[in-house]
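The values are calculated or read from the model by the stated rules, or taken from the named source; none is laboratory data. As the structure is a prediction and not an experimental result, all values here were calculated from the model. Neighbour counts run over all protein chains shown; Cβ positions are idealised from the backbone, glycine included. Calculation scope for accessible area: heavy atoms of the full protein, side chains included, ligands and nucleic acids excluded. Shrake-Rupley method; radii C 1.70, N 1.55, O 1.52, S 1.80 Å.
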Amino acid sequence: MNQTTNGFFLHRTTYSTKSLLLSFYTKDQGLIQLTSFSSRKHLALIPFALYELEFQLNPKYPHGTLKKTSPVYPINQLDISPLVLANRYFVCDVVYQTTSHKNKDEQGFNTLLAMMLDLGQRETYYSFPCFFLIHWMRSLGILPESIEKADTFDMQYGILTFEGLQQPPAAVFVLNELLNDRWNHDNKSLKETFDLMLQYLELHLPNVNVNKTRNIIHEIFH
């Protein structure tokens, strides 16, 4: 019997000579993997786009079988522009590596929906990677708490403090500013803060390695 749900397309890998294994983040089941045996070109799915999925579960196979996909929101040229695609690939990489299979998380899904809608309405994309990381780390339960002023960040414990340093790291200052919803920063500061946030994420989730998409995002900040 076929089932339907909505899911963000995250990842694609070869499953056999005639099939692909596709990963989607869904509201009702979390991260699911579906095998696609179709030879049609519908497999050119847009990363971090929301699709209505029709699929079938079979106890004989470790994964469900994808029958049909259709975008929930219309796909336009802006969705596949280089800057937007770079951010889309980065989001997919982080979510795919930080999510357990079939771990239902409605908050996580709603966070991704808000991030996708935000990305589609932006006039500038430079702050989006940090914006996404803040919201996603909140969903993961590892977001640091902001304080009024901060010049030191203990990554092991996720604590921002003020020590009165004469030359505080700029990334720590900007991270605290972003946590206080103050986003008016230059690209260089955002890039340094982005790297600090990823170091923190990878420290607390040791199996995460997003170096490939990290390098793509670095190109955006130039």
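Here is how the numbers come out for the structure above:
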item: Rounded D (µm²/s) - the chain, Kirkwood Rh over Cα pairs, Stokes-Einstein at 20 °C, 1.002 mPa s; result: 115 µm²/s
item: Using a Förster distance of 45 Å, the FRET efficiency for LEU85-GLN166 (Cβ separation, nearest 0.05); result: 0.60
item: Probe 1.4 Å, accessible area per residue of segment 31-151, Å²; result: 51 Å²
item: Gained length - GLN56 relative to SER70, 0.36 nm times residue gap less alpha-carbon distance; result: 3.5 nm
item: Size of electric dipole in the chain: Cβ of Lys, Arg +1 and of Asp, Glu -1, about Cα centre, debye, nearest 20; result: 1320 debye
item: Extension gain, ASN207 back to ASP186 (0.36 nm per residue minus Cα-Cα distance, nm); result: 4.5 nm
item: Over the chain: helical MRE at 222 nm, DSSP H runs n ≥ 4 each giving -39500 (n - 2.57), nearest 500; result: -12000 deg cm²/dmol
item: Contact order relative to length of segment 92-198, as percent, for alpha carbon pairs under 8 angstrom and 6 or more apart; result: 22 percent
item: Stretch gain in nm, segment ASN2-GLN156, where the contour uses 0.36 nm per residue and the Cα spacing is subtracted; result: 50.9 nm
item: Label-to-label distance, nm, for residues given as ALA114 and THR13 (7 Å Cα→Cβ offset); result: 3.1 nm
item: For LEU53, distant residues with modelled amide H under 5 Å away; result: THR5, ASN6, GLY7
item: Furthest towards positive pole of dipole, PRO59, VAL95, PRO144, structure part the chain, Cβ charges; result: PRO59
item: For peptides 180-186, 202-208, sequence by mean Cβ density within 10 Å, most packed first; result: 202-208, 180-186
item: Within the accessible area of the chain (1.4 Å probe), percent carbon and sulfur; result: 50 percent
item: Two-site FRET efficiency, PHE37 against ASN103, from Cβ-Cβ distance with R₀ of 25 Å, rounded to 0.05; result: 0.45
item: Global form of segment 100-178, assessed from the alpha-carbon gyration tensor, a/c cut-off 1.5; result: oblate
item: Cross-link pairs LYS18/LYS104; LYS67/LYS104; LYS67/LYS212; LYS27/LYS188; LYS27/LYS68; LYS18/LYS67 - those with Cα-Cα distance over 25 Å; result: LYS18/LYS104; LYS67/LYS212; LYS27/LYS188
item: Global geometry of segment 159-222, whether rounded, prolate or oblate, following the gyration tensor of its Cα atoms and the 1.5 cut on a/c; result: oblate
